[in-house]
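FYI, it's all coordinate maths here, none of it is from the lab. These numbers come from a predicted model, not from an experiment. Here the Cβ positions follow ideal geometry from the backbone for every residue, glycine too, while neighbour counts run over all protein chains shown.
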């Protein structure tokens, strides 16, 4: 009862009426619910979430999985990157070989009907199915991205929060180290490390890259901790006798989680671009393994004659990076308490009429 | 202030030492310069290994070897820096001296272009917040963010260079292209200008007709093979520039500023033939520099002559107009060079190059032809870097301007009845530029690192190529040389950005409490 009267006092104080609409929407919701609600209103972010989920599902279910070496889960795609089917001759434009069989134009529009065909993305020089290669590349690039992201996120959050919370000498030492690391361009570190250890496998490479990618995040987290630890609720908790551990995990971290999640998504999209760039200049994933950057690098010379070898891996890199960027944008909007949604004309009118009615009733 | 700068420089020195120590050890552990020798079946293999070990001091463990390297580098302070020798036998310092100007040229062009375009579009998106233009630009910015630079570079090579060169052989612009360009430009201008539905469609039609007929005329007259502006077009464009600059800078209501701008614009056209005479007979960088100086002095005098009170804005407007309209004369000269440039044997009617930073076969003594060659080589890599870079500027300029527009002093400015132009250009835009300026400087350093990939795709022999060569050849000295230059620039750029911030923003005082 008390709460309701407070809300109504507030809403009469607010002149514009926009705040009233916003406040009414989040009345009685938990922080998580508010964030979720705001996120799902961001149309581009929701579309992106759907896109990235589909890419992950399609790529990771394409081939056979062996669980514990015994149970075999069959993949849905007929070829694997190791298969060597017969190269498609003949019916390709400009006397090329291994052209894509995917067709998106329905029959009544003069196409061949919607269908994947035998080799939807075509075949490479020796006849390997390019769809299978792109799927394997997507798997590699996605896993490298996730590994880099999770290692960098963990390190960044731990270092940043320790430095920000304890301040003093610990902070000075950690942040000087971050200063040193941040001066070295990631592409140089990545190249140095990747050139030597790229042949040890994509996951190993990703772990190493993750060890160097956390610096920016740690600075951000430190700044957030520095400002949050001076707030009244932290003082209150300390006076009430809370331990440092409890203050960090129960009071500060939940308040910093918005900043962390947003920058981790940006870190992820940076990571996939880094991996593909490194693989492209030959310092990342090395053959016979497959990665999206590597595929582009291997077939860029055949662009003039067989452009599909270039388009499809690029399309997947862009879709993944773009989706993650949009999800990050949606999350930023969702977590930002100052973020005001654009109020549509109709809602404004509704609220105005409601107010007029209320005044008339008074 | 001096004490502050000195202290900061000291800290920067420490940071540089720390990061170079980390990278040196990392690279020394990862690289094995003896690897290919070990595998060789040469009879004097062991002797060679010994010789190389002695030469590269491989018997010293990396953390200590770093200090040997550092001793050479610290020679900078006594004027004798020694970055060691690369494995190709060249002094690292010499390789760097060749590579630095090449990279700087690329990075400067790309950063500048990205910043100007990005800030302009960012401001328009902020002023049209939540419009269709805003949404589509946001989408484009995110798309550009997500593009791998090597992918864009290969696309540009294929479609802009090779296809454009093919097209230049028979430059007939097909009809659907004319219509398409018209439609696109109509959409662009109509969305930028915005307004009611009626203004939208009027702008759309005007822009459509103007640009498609322009493209059609250019195609029919073979302008692309022998472009030029000529004094008439220069005159018309200069008058347009005079009006535009005056409107944006002080408003058309200021008749004195308008008069001064129109005078300097007219003067640049009067100077068209004399300037071309100088260009033809005494072309050199020094002479062009002198002409720019003369131009600016004239602008200042004209501005002063026209104004009595409130002189600074009028002089500023005059200078901007003067520089822009004089640029038209320079651009016209380069356009006139286009035809002789294409006719040279080295170019042979394929003017857009895909590799290298200059055409070695082109041995022209002509100042204009060799400079045009540099410009055409800059074309594709700059575009690749700009496309990737300017997305960030769009987002940043938009965010900053929106934040500024929400401030109380903007409301005050509007409330006291200032024109929208004054509110946006004087009160909002200037405050937006403070963080933008610092970002620009920091970005400049960042792009140097980012040019690694671009340089490798376009086969430029700049710092990036040198760095890749160092890593592939396990060449520690060369790698450290490249890193040292890149890192010094990055660190100094951040320092300059800090100083700039405090110089531009009176709320921030350097040295207080630091």
Using the Cα gyration tensor of segment B:183-286, with a ≥ b ≥ c the square roots of its eigenvalues, what is the shape: rounded (a/c below 1.5), prolate (a/b larger than b/c) or oblate (neither)?
oblate
Evaluated at q = 0.13, 0.14, 0.17 Å⁻¹: base-10 log I(q)/I(0), Debye formula over Cα of segment B:1-133:
-0.84, -0.91, -1.11
For peptide B:20-32, what's the mean number of Cβ atoms from other chains within 10 Å of each residue's Cβ?
4
Computed over chain B: longest principal axis from alpha-carbon atoms vs helix B:367-405 long axis, angle to nearest 10 degrees, is 70
Quick note, the protein assembly as shown: a/c under 1.5 would make it rounded; otherwise a/b > b/c is prolate and the rest oblate (a ≥ b ≥ c, C-alpha gyration tensor); here it is rounded
If you average the sequence gap of Cα pairs under 8 Å that are 6 or more apart and divide by the length of segment B:152-269, what percent do you get for the contact order?
22
Rounded if a/c under 1.5, otherwise prolate or oblate - segment A:156-244, Cα gyration tensor axes
prolate
By how many degrees, between 0 and 90 and to the nearest 10, does the Cα long axis of helix B:272-281 differ from the longest principal axis of chain B?
30
How high is the relative contact order of segment B:184-235, in percent, counting Cα pairs under 8 Å that sit 6 or more residues apart?
30
For peptide A:287-297, compute the average count of partner chain beta-carbon atoms within 10 Å of each residue's beta-carbon.
1
Okay, helix-only estimate at 222 nm for chain B: each DSSP H run of n ≥ 4 adds -39500 (n - 2.57), divide by all residues, round to 500 deg cm²/dmol; what do you get?
-25500 deg cm²/dmol
What's the center-to-center distance, using Cα atoms, between segment B:246-286 and segment A:267-343 in Å?
47
Test of understanding: ordering A:92, B:293, A:99 by Cβ neighbours within 10 Å, fewest first, what list do you get?
B:293, A:92, A:99
When ranked by the protection proxy of mean other Cβ atoms within 10 Å per residue, highest first, what sequence do the peptides B:426-432, B:180-186, B:284-290, B:344-350 form?
B:426-432, B:180-186, B:344-350, B:284-290
Kirkwood estimate for segment A:220-281, i.e. one over the average of 1/r between Cα atoms, Å
13.6
What is the distance in Å between the Cα centres of segment B:66-80 and segment B:378-444?
42
Hey, fewest Cβ within 10 Å first, where do B:85, B:382, B:422, A:304 land in order?
A:304, B:422, B:85, B:382
Considering every residue in A:189-199, what mean count of other chain Cβ atoms within 10 Å of its Cβ is obtained?
5
Tilt relative to chain B, helix B:62-73 - C-alpha long axis, 0 to 90 degrees, to 10
60
Mean-position separation - Cα centroids, segment B:99-117 and segment A:45-74, in angstrom
43
